[in-house]
Amino acid sequence: MAEFTPNGEVREPRLDGRDPAVRRLLLALIADARRDPERLAALIGASTDEVARLVEELERQRVIRGYKTLVDWERLGDERVVAFIDVSVSPQREVGFDQVAARIYRHPEVRAAHLVSGSHDLRVIVEAPTMREIAQFVSEKLAPIEHVTATNTHFLLKAYKEDGDILIDDAAVDERLPVTP
């Protein structure tokens, strides 16, 4: 039976996230988004045409939202400052935190913005060339936003792992189990 959108248009069926082929394809792309369709087909046990169709469908349905290159800017001598800013917000009637979050995440300094549980409402990740620029962002752009009631800034001192990638070269190999019985 066909599903319909609120506009009365036929809603296309979504891919099933429980489908093992879809799961294997997504995990293979997460591990290395540069893999070609032939390699992906071999990894997930499907035809190249099936992989191309699945990738196209996942992109069209915005399950795959883009592809990224991870860059270690420090290796190029381009140091950047990253801050985690906890933001307290008084929620607005009818829209909650969404409108305030939108005003925040539209700034180019903002790498991520999340609604979180705990003593603050939003966790915002900001990146800039200097601490001074982050301080200016907080004092001149973030704090004055209507409904922002408090901010608490934490500066990143060292990153060990990000997006699943270990970022330090000299990490000792530890053969122990992460949790012992």
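The values are calculated or read from the model by the stated rules, or taken from the named source; none is laboratory data. What you see is a predicted model, and the numbers here were worked out from it, not measured in a lab. No Cβ is skipped: glycine too gets one built from the backbone with ideal geometry, and neighbour counts run over all protein chains shown.
Figures for the structure shown
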item: Filter pass, Thr151 being exposed (fewer than 12 other Cβ atoms within 10 Å of the Cβ), of a type in the set (Val, Ile, Thr) and in the same structural domain as Asp78 (by TED's automatic domain parsing); result: no
item: Single unsatisfied condition, Leu70 versus (1) modelled with pLDDT of 90 or more; (2) within 24 Å of Glu162 (Cα to Cα); (3) in contact with an Asp or Glu (Cβ under 7 Å, 6 or more places away or on another chain); result: (1)
item: For Glu59: the one exception among (1) surrounded by 13 or more Cβ atoms within 10 Å (Cβ to Cβ); (2) assigned by TED's automatic domain parsing to the domain that holds Val148; (3) outside any loop (DSSP other than H, G, I, E, B); (4) under 18 Å from the mean Cα position of the chain (by Cα); result: (2)
item: Only listed residue being at pLDDT 90 or above, in the same structural domain as Ala150 (by TED's automatic domain parsing) and charged (D, E, K, R), chosen from Arg103, Arg93; result: Arg103
item: Odd one out for Ala33, checked against (1) within 18 Å of Gly164 (Cβ to Cβ); (2) without any contact (Cβ under 8 Å) to a residue 12 or more places away in the chain; result: (2)
item: Residue match in region 43-54 (condition: at pLDDT 85 or above and either within 19 Å of the chain's Cα centre (by Cα) or under 25 Å from Glu162 (Cα atoms) (or both)); result: yes
item: Tally, over region 112-134, of residues that are of a type outside the set (Gly, Ala, Ser) and under 15 Å from Ala101 (Cα atoms); result: 10
item: Cβ pairs under 7 Å, 6+ apart, first in region 15-28 and farther than 17 Å from Ser47 by Cβ, second surrounded by 15 or more Cβ atoms within 10 Å (Cβ to Cβ); result: Asp16/Val22
